[in-house]
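Notes for the one structure printed next.
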Amino acid sequence: MSGSASGDEDHIVVVGIGVEAPGGINSPREFWTALAESRELIGPLPRDREWPIEQLLTLGRNEGWSDVRDAGGFLSEATEFDAAFFGITPREAVAMDPQQRVAMRVAWRAVEDAGLNPGAVDGAEAGCWMGVTPLEYGPRMASVSEHSGYRMTGTTLGAVSGRISHSLGLIGPSISVDTSCAAGLTALHQAAAAVRAGECDWALAGGVCVMGSPGMFVEFAKNNALSTDGHCRAYSAGTTGTLWGEGAGVVVLERESRARRLSHRIYARLLGSRVNHNGKSGPLAVPSADAQERLIRAALRAARVDPEQIGLVEGHGTGTAVGDPIELSALIRTYGAPERVGGALLGSVKSNIGHTQAAAGMLGLIKMLLCGAHGHVAPSLWAEHPTEAVDWEATSLRLATKFVPWEPIDGIRYGAVSAFGVAGTNAHAVVGMPVLEEDSVV
């Protein structure tokens, strides 16, 4: 294989970014500052959602349950929404899953970041793909209340992408994708394929996660897979389990020829992406190193990129005792050749913000894009003491422990992003990020 970024292919490129992350972060610039400063954006469980906080914090007293700490990566503005701005009535807005609300405003910002006027794209042959999972917001539709009549569009997953397309007036495909924690990258893969096939001129691709209930904390406390110290220690020797978080990320995709014709800033070329499934390899929720390795190699072949060209891998890195070692095994077999000089660096944005579920892969991609734009690798937290589950002496792969320059190869920085779903779906993307002019960096 050889790098294809300098060839004549009309690549699918990323030209806009929108992001909302824990810690009050609402822009790529704020997100990058937090990552570069190694900030952990974890806070207490929300007190404005009518969650049974006392019950949650005492679950660990029950036999067979682990502790739930008063910690997670939560969106500070999840309960806020300018309904009038989007032409939605207050009653309908309350009945809407907050994932719809957050996705709408982040998509709007992504369009703006691409140099487009969101108010002037009505009728555009553009598509929208959003990764999202159901997270138990509001009463069931069968419950009669003042919000009855709005619950169908308020709760269906299809309305997450549909609301974005409707609010902007986009008339291309509009599809919500649920592959659990691989949903954001699956949406990216499908959106890029649609643009490449001519189904739409450009597309939005993203992922969103806002927890309507604390159900994921309860489920993982019962499975003893939830962090017991309130941190997400990806790939770390000190990990006790994952920590849940929220967030949203949206990117704008189009063909490179179109981007250059319209003078759009190009963050990255999407050189190759693939999605697969574990198959009948074991229990449904247990990941497969063989499936992940097959996936990575397929994405590299599609990208026509050698593993040795990859400088940074943004892994799934959930901080679980089962998932991290399995993932590391696949990464070492693909990106960690022991004879490689100056091996790839590995990190996970979950160490900063927690596991944002359907948005995880997209927020990992955005972290990668910002590292490429700024020419530096942002460190992964808790990486000073890597897990002892793998032999680090036998691989060139290393955890990203410091804020260091990222040197390009012939003007391109090559990176890879992984995301794996609890139901067995795996997604991987390979990107090439051209060196940006200093005055154009976000």
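Bear in mind that the values in this text are calculations on the coordinates, not laboratory data. Here the structure is a predicted model, which is why all the values come from computation and not from measurement. Cβ: placed from backbone, ideal geometry, glycine included. Neighbour counts: every protein chain shown.
Quick one: plug the Kirkwood hydrodynamic radius of the chain (C-alpha pairs) into Stokes-Einstein at 10 °C, 1.306 mPa s, and report D in µm²/s.
In µm²/s, the coefficient is 74.
With no solvent and one equal point scatterer placed on each C-alpha of the range 225-291, evaluate the Debye formula and give log10 I(q)/I(0) for q = 0.13, 0.25 Å⁻¹, two decimals.
Relative scattering, expressed as log10 I(q)/I(0), comes to -0.75, -1.07.
What's the extension gain from Arg340 to Thr89 if we count 0.36 nm per residue and subtract their Cα-Cα distance?
Residue separation times 0.36 nm, minus the Cα-Cα distance, leaves 84.5 nm.
If you line up the Cα atoms of the range 353-392 on their principal axes, what length do they span on each, largest first, in Å?
Extents along the principal axes: 31, 27, 15 Å.
Which residue, Val218, Val14, Val377, tops the fluctuation ranking in a GNM of the chain built on C-alpha contacts under 10 Å?
Among Val218, Val14, Val377, the largest GNM mean-square fluctuation belongs to Val218.
Mean-square fluctuation check for the chain, GNM, Cα pairs under 10 Å: which of Gly315, Gly115, Gly372 is largest?
Judging by the Gaussian network model, the answer is Gly115.
Say R0 is 35 Å: what FRET efficiency, to the nearest 0.05, do Ala423 and Ser263 get from their beta-carbon distance?
0.25
Picking from Gly238, Gly432, Gly347, which is most flexible by a Gaussian network model of the chain using Cα springs under 10 Å?
Gly238
HN-Hα J couplings of the range 262-267 from phi, Karplus 6.51/-1.76/1.60, θ = phi - 60°, integer Hz, Gly and Pro as x?
The phi angles translate into 9, 6, 7, 5, 9, 6 Hz.
Using the Kirkwood radius built from alpha carbon pairs, what does the Stokes-Einstein equation give as D for the range 180-259 at 25 °C and 0.890 mPa s, in µm² per second?
Taking Rh from Cα pairs, D becomes 162 µm²/s.
For q values of 0.12, 0.16, 0.19 Å⁻¹, compute log₁₀ I(q)/I(0) with the Debye formula on a Cα-only model of the range 1-108, without solvent.
Each listed q maps to, in turn, -0.67, -0.93, -1.07.
Taking N as the number of residues in the range 235-353, what is its Cα Rg relative to 2.2 N^0.38 Å?
Details: Rg = 16.7 Å, N = 119, 2.2 N^0.38 = 13.5 Å.
The reported ratio for this selection is 1.23.
List the residue ranges in the chain for DSSP H helices whose C-alpha atoms run 15 angstrom or more along the long axis and whose Kyte-Doolittle average is 1.0 or above.
360-374
Just subtract the alpha-carbon distance of Glu9 and Arg304 from 0.36 nm times their residue separation and send over the number in nm, one decimal.
105.1 nm
Take the Cβ-Cβ distance between Asn223 and Arg61 as r, set R0 to 22 Å, and report the resulting FRET efficiency rounded to the nearest 0.05. Don't skip to the answer; put the middle values down first.
Working: r = 17 Å, r/R0 = 0.77.
The calculated FRET efficiency here is 0.85.
Take the Cβ-Cβ distance between Glu393 and Ser38 as r, set R0 to 35 Å, and report the resulting FRET efficiency rounded to the nearest 0.05.
0.85
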